[in-house]
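Written below as structure tokens is the structure these notes are about.
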């Protein structure tokens with residue numbers, strides 16, 4: 001792993017100025033997070049919690065009111081920071097008059113690619129996202145799942161080290177959603193850092209190494225997923241082939257029983273990410 | 001929450017520089033995007049209209065007929081190019097933002113200046129392509145009409161037994177002056193320059209405003225004001241007219257709006273007057289200056305725009 005974090009957000013605050021009598025709106029308040037190179041980081045939170053604003057700040061699409069963000073050590077406001085990033089926005093649309101292959105050529109050219117390098121990379125991305133058969137079809141006729149996969153392909157076209165995915169499974173059917181989940185796991189195996197937001201907490205639990213939970217523009221929880229979902233004041237005992245009697249006299253039997261009964265694991269039982277999310281985001285709003 | 005270091009030293013990086021190739025990629029995509037908005041059928045309709053106009057006027061005399069044809073067709077061409085430039089430009093940025101295409105483009109190593117320049121060039125390339133096609137159609141019809149009118153006039157002179165070589169030569173000169181000359185192309189060039197300036201103004205306004213309708217309405221207002229720029233200047237520099245506040249606001253208006261009357265050569269061309277090279281250079285220079293200034297301001301606005 002590289003010493004420089006893939007993403008660094010330091011005390012980010014974003015206030016949108018009010019227009020025509022409307023007051024200013026603080027979308028993000030003093031958020032800090034670090035995404036280490038090679039990990040999958042999930043940023044979750046209810047609608048309006050500041051996730052997209054944080055992502056936009058990381059991508060240099062908006063200027064922080066306070067704090068700073070950087071990508072592999074390069075400040076996000078510098079265009080050069082985008083050399084190592086691929087971004088998939090929520091519900092992306094592409095130029096409808098282009099077909100899948102032309103769309104990837106367009107984005108590749110924007111990244112300075114050309115010739116055989118662009119052609120071979122395009123074919124590689126079409127194969128990776130399973131769009132080879134639809135490569136010559138106009139994007140206007142793509143389904144939502146295909147658009148998301150094309151979005152992933154364009155995000156990866158210039159071989160970025162970091163992928164930022166905003167709701168990559170939004171509006172996609174379960175099988176399409178699973179394909180995207182599998183792709184995220186594959187990106188991790190290829191050493192690509194992934195920063196992802198999603199409302200599908202079960203999937204986030206499956207793919208993320210670390211998560212940050214945002215609510216009301218603040219980071220309310222952050223850390224390794226395994227640590228976050230551990231319930232600290234409870235102990236879990238997992239038995240194999242335990243009888244009802246054994247369960248009734250659990251403490252004594254564990255020590256006394258032999259044979260086929262074994263204590264497999266002891267530690268803290270896990271809650272689900274979904275429960276943690278509901279608990280964290282329902283905490284009273286800080287002033 | 002992680003204890004991220006608040007003072008990570010920026011890595012040494014090569015900055016992303018302006019790239020003509022990237023701008024061309026964006027311009028070409030913009031042009032094809034607009035062509036898909038059913039612009040071509042509209043262009044063909046316009047050509048058919050021009051062709052119909054060429055033969056639709058009643059024959060008063062050859063000179064008047066050719067003048068009427070040029071006045072009408074160049075006038076319609078001017079309106080077409082300005083309306084197209086304003087509407088297409090006003091739609092482009094909000095559409096890219098709404099479709100989030102702007103996010104996918106600007107999250108690549110694409111400087112914002114390259115993006116706005118690509119968008120502008122895309123619109124201008126399409127206007128230029130349209131004008132070249134229409135110019136070719138217009139030239140052909142004018143040449144055809146010129147030949148037909150000359151033959152008809154000579155036949156008339158012959159019938160009246162007035163077809164002396166001098167009379168025929170005079171008729172040839174009259175028809176040639178009002179017929180197909182380089183002046184027609186300069187008029188089309190002036191129309192392109194005017195449309196380019198107006199398009200750049202529309203681009204600037206679409207970066208400031210979030211509403212397409214607002215951009216269209218205000219750019220049309222600026223276009224109308226731009227045609228009366230001389231009157232505004234006259235008002236500003238007349239010490240006895242209006243209050244100081246009115247004069248200051250008028251001065252600001254004059255500074256903001258381009259002087260579009262600088263490109264009005266259509267009437268002169270229609271009347272058979274020769275457009276001197278100096279005037280062509282001057283128009284081109286003025287347009288280049290306006291476009292540079294408006295584009296620079298557009299860049300300043302767009303680079304700060306929150307997306």
Given the C-alpha centroids of segment B:237-273 and segment A:1-71, what is the distance between them in whole angstrom? 48
The protein assembly as shown: calculated mean residue ellipticity at 222 nm from DSSP helix runs of at least 4, using -39500 (n - 2.57): -18000 deg cm²/dmol
Taking N as the number of residues in segment A:7-224, what is its Cα Rg relative to 2.2 N^0.38 Å? 1.02
Segment A:100-188 shape via C-alpha gyration tensor axes, a/c threshold 1.5: oblate
Compute the semi-axes of the equivalent ellipsoid of segment B:74-176, taking the square root of 5 times each eigenvalue of the Cα gyration tensor, and list them largest first in whole Å. 53, 11, 9
From the square roots a ≥ b ≥ c of the eigenvalues of the alpha-carbon gyration tensor of segment B:103-149, which class results: rounded (a/c under 1.5), prolate (a/b over b/c), or oblate? prolate
Between segment B:167-228 and segment B:91-166, what is the separation of their alpha carbon centroids in Å? 11
Over segment B:185-270, consider all pairs of different Cα atoms and compute the Kirkwood hydrodynamic radius from their mean reciprocal separation; express it in Å, one decimal. 14.2
Relative to the first principal axis of the alpha-carbon coordinates of chain B, what is the inclination of helix B:212-227, with its axis defined by its Cα atoms, in degrees from 0 to 90 and to the nearest 10? 50
When all C-alpha to C-alpha distances in segment A:1-97 are sorted into bins of 5 Å, what percent of pairs does each bin hold, rounded to whole numbers? 3, 12, 21, 22, 19, 12, 7, 3, 1, 0
What value does the protein assembly as shown have for Rg/Rh, both radii from Cα atoms and Rh as Kirkwood defines it? 1.16
For segment B:120-252: rounded, prolate or oblate by the Cα gyration tensor [a/c cutoff 1.5]: oblate
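Work out the P(r) tail for chain B: percent of alpha carbon pairs separated by more than 33 Å, whole number. Show your work: numbers first, answer last.
On the way: 18634 of 46971 pairs.
Counting pairs separated by more than 33 Å, the tail of P(r) holds 40 percent.
Coordinate-derived values only; no laboratory data. Everything quoted here is computed from the prediction, not taken from an experiment.
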